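The values are calculated or read from the model by the stated rules, or taken from the named source; none is laboratory data. Because the structure is a prediction, the values reported are computed rather than measured. Cβ placement follows ideal geometry from the backbone for every residue including glycine, while neighbour counts extend to all protein chains displayed. Remember, those area values only see protein heavy atoms, side chains included, never the ligands or the DNA or RNA. Shrake-Rupley method; radii C 1.70, N 1.55, O 1.52, S 1.80 Å.
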Amino acid sequence: MLTIDDAVQLYVKHHEPLQAVREEQRRLLADRPGMRAQLDDIEAELTYLLIRQERPARVVEIGCLHGWSTSWLLRALRDNETGTLTSYDRIENARRNVPVELADGRWRFVAGDVREQTLPDGIDYLFLDAAHSARFARWYLDRLLPAVPAATPVSVHDVFHGRRAKPYSEGSVLLRYLRDAGAGYFTAAAKRAPAQYRRLQECRADLGFGDPVHPGTHNPMIWFRRP
């Protein structure tokens, strides 16, 4: 789906709007001191860049917590001037934190357990950051992904906090599924892919992104296309 060369090219291509979005997100975090920002900078920026590249019409986010990832996704759709986002979560904090000007006309929040909801048809980008259990992974691999068109971009958070996914976790179930399907993935996780992490850090420094928006450095997300 994505290579390190692709990622670097996306940073270079979109560095000016990305710099503006970083500053918007920095102000958002400062204005909402109780907001928990769950994405580190590289994975948030790559999510923004992939949305810019793919130009999806329908994005689905499962697990938005306080709305940090939601606001990154919505800014990408805004800058594309097309696309809508539907977010699912049991917790409704995102409603308070997502700026009205980002939400109007492009965002729908659905409260409750996503397993009890009807998801939109024709998902063009799927973002997963919810229950990080093996059981939840088996649910979306068995029930959700088969309904998503082949080759649809998918991102899953909290897979690689270490060199390997934790045993009996969402990550271990997902990686087994991808391996069995013969599908690859991309990650910039610092411990899993240190060379890719360093190269992106060098690229970001060259572009003037040295000042962090979020203090995290694990970047445990993976990206793949639905096999």
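Structural remarks
- Contacts under 7 angstrom Cβ, first residue in region 63-78 being within 10 Å of residue 97 (Cα to Cα), partner among the hydroxyl-bearing types (Ser, Thr, Tyr), 6 or more apart: 70/87
- Filter result for residue 33 (over 24 Å from residue 190 (Cα atoms), open to solvent by 10 Å² or more (accessible area, probe 1.4 Å) and not in a helix (DSSP H, G or I)): yes
- Qualifying position, being closer than 21 Å to residue 49 by Cβ, in contact with a Ser or Thr (Cβ under 6 Å, 6 or more places away or on another chain) and open to solvent by less than 70 Å² (accessible area, probe 1.4 Å), among 195, 190, 205: 190
- Checking each residue in region 44-87 for being open to solvent by less than 10 Å² (accessible area, probe 1.4 Å) and in a loop (DSSP other than H, G, I, E, B) picks out 56, 63, 64, 67.
Results for (1) within 22 Å of residue 223 (Cα to Cα); (2) without any contact (Cβ under 8 Å) to a residue 40 or more places away in the chain; (3) out of contact with any helix residue (DSSP H, G or I) (no Cβ under 8 Å at 6 or more places or on another chain), shown as yes or no for each residue.
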position	(1), (2), (3)
84	yes, yes, no
95	no, yes, yes
114	yes, no, yes
135	yes, yes, yes
142	yes, yes, yes
159	yes, no, no
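- Counted residues, region 68-104 - those being touching a Ser or Thr at 6+ places or on another chain (Cβ under 8 Å) and farther than 24 Å from residue 10 by Cα: 5
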